[in-house]
Amino acid sequence: MLVVDDHPIWRDGTARYLAEAGFTVAGTAGSGAQALRIAAAVRPDVVLLDLNLPDLPGAEVIRGLLAAVPPTRVLMLSASGERQDVLDAVTAGVRAAAAGQPVFTPGLAGLVLGEYRRLAGGGMPAADRAAAAGGARETGPPVPRLTDRETEILRLIAKGLTYPQIATRLALSTRTVQNHVRNTLTKLQLHNKAELVRYALENGVD
């Protein structure tokens, strides 16, 4: 693993924590150029990369890493909420460190899904697309009805809250929140939290 961040305290602390957790940290870097040089030498399986580096755009670093060490998987970390930062990085080919699938917090998932949904619709607002398609839409199976509590929890999940955070906000136990989520997944025939977030965004629950 290679840890890349321009803040030395955070970078060194993260590397130390990962090493103590049993990961092999092959090196650290404080800039994009340094990351590319070290990655070419040590060929890490995973690169933990800060998106906002002082010398190179994050997307450019990702492209360089994947070109120099194709098997490398990049786990992107960023405090940036800028739409273009995220989309540039996704376009560059970010994939999950463990499973080869895109990894985002629910908030970033919403940003990415929303943008690509907009692009897929040719930039037409969602309401206009729905109106245009309304006359031609076939009647499908009835939409499962969620309870008020299930809808409330689904809305909070889409906002990025964790189960313990939701439990605290709603004065419930974490187990109760998990049970509601499990029931919601069953009703909607979904499999995980990521699919719940997508459902919430596509159906205006967020």
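The values are calculated or read from the model by the stated rules, or taken from the named source; none is laboratory data. Being a predicted model, the structure only gives us computed values, none of them experimental. In this analysis, Cβ positions are derived from the backbone assuming ideal geometry, glycine residues included, and neighbour counts consider all displayed protein chains. Note: accessible area is taken over every heavy atom of the protein model, side chains too, but ligands, DNA and RNA are not part of it. Shrake-Rupley method; radii C 1.70, N 1.55, O 1.52, S 1.80 Å.
Please specify each residue of segment 12-33 satisfying the condition of being free of Cβ contacts under 8 Å to residues at least 12 places away in the same chain and either assigned to a helix (DSSP H, G or I) or open to solvent by less than 20 Å² (accessible area, probe 1.4 Å) (or both). So that I can check it myself, show each step before the final result.
Our first condition is that a residue be free of Cβ contacts under 8 Å to residues at least 12 places away in the same chain; within segment 12-33, this holds for 13, 16-17, 19-22.
Those that are free of Cβ contacts under 8 Å to residues at least 12 places away in the same chain and either assigned to a helix (DSSP H, G or I) or open to solvent by less than 20 Å² (accessible area, probe 1.4 Å) (or both): 13, 16, 17, 19, 20.
The rows are residues; the columns are (1) at pLDDT 85 or above; (2) closer than 21 Å to residue 198 by Cα; (3) of a type in the set (Lys, Arg); (4) surrounded by 14 or more Cβ atoms within 10 Å (Cβ to Cβ).
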site: 140; (1), (2), (3), (4): no, yes, no, no
site: 144; (1), (2), (3), (4): no, yes, no, no
site: 152; (1), (2), (3), (4): yes, yes, no, yes
site: 182; (1), (2), (3), (4): yes, yes, yes, no
site: 185; (1), (2), (3), (4): yes, yes, no, yes
Q.
Quick check on segment 50-92: of everything there that is acidic (Asp, Glu) and either modelled with pLDDT under 80 or over 15 Å from the mean Cα position of the chain (by Cα) (or both), which residue is nearest to residue 34 (Cα to Cα)?
A. 55
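Taking only segment 187-203 into account, find how many residues are more than 16 Å from the chain's Cα centre (by Cα) and open to solvent by 60 Å² or more (accessible area, probe 1.4 Å).
Within segment 187-203, the first condition is being more than 16 Å from the chain's Cα centre (by Cα), and the residues that meet it are 187-191, 202-203.
Retained after the next criterion (residues that are open to solvent by 60 Å² or more (accessible area, probe 1.4 Å)): 187, 189, 191, 202-203.
Looking only at that region, the number is 5.
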Q: Look at segment 30-53 and say how many of its residues are of a type in the set (A, V, I, L, M, F, W, C) and touching a Lys or Arg at 6+ places or on another chain (Cβ under 8 Å).
A: 2
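Out of curiosity, is residue 45 open to solvent by 70 Å² or more (accessible area, probe 1.4 Å) and either in contact with a Phe, Trp or Tyr (Cβ under 6 Å, 6 or more places away or on another chain) or under 14 Å from residue 2 (Cα atoms) (or both)?
On the way: open to solvent by 70 Å² or more (accessible area, probe 1.4 Å): yes; either in contact with a Phe, Trp or Tyr (Cβ under 6 Å, 6 or more places away or on another chain) or under 14 Å from residue 2 (Cα atoms) (or both): yes.
Criteria met by residue 45.
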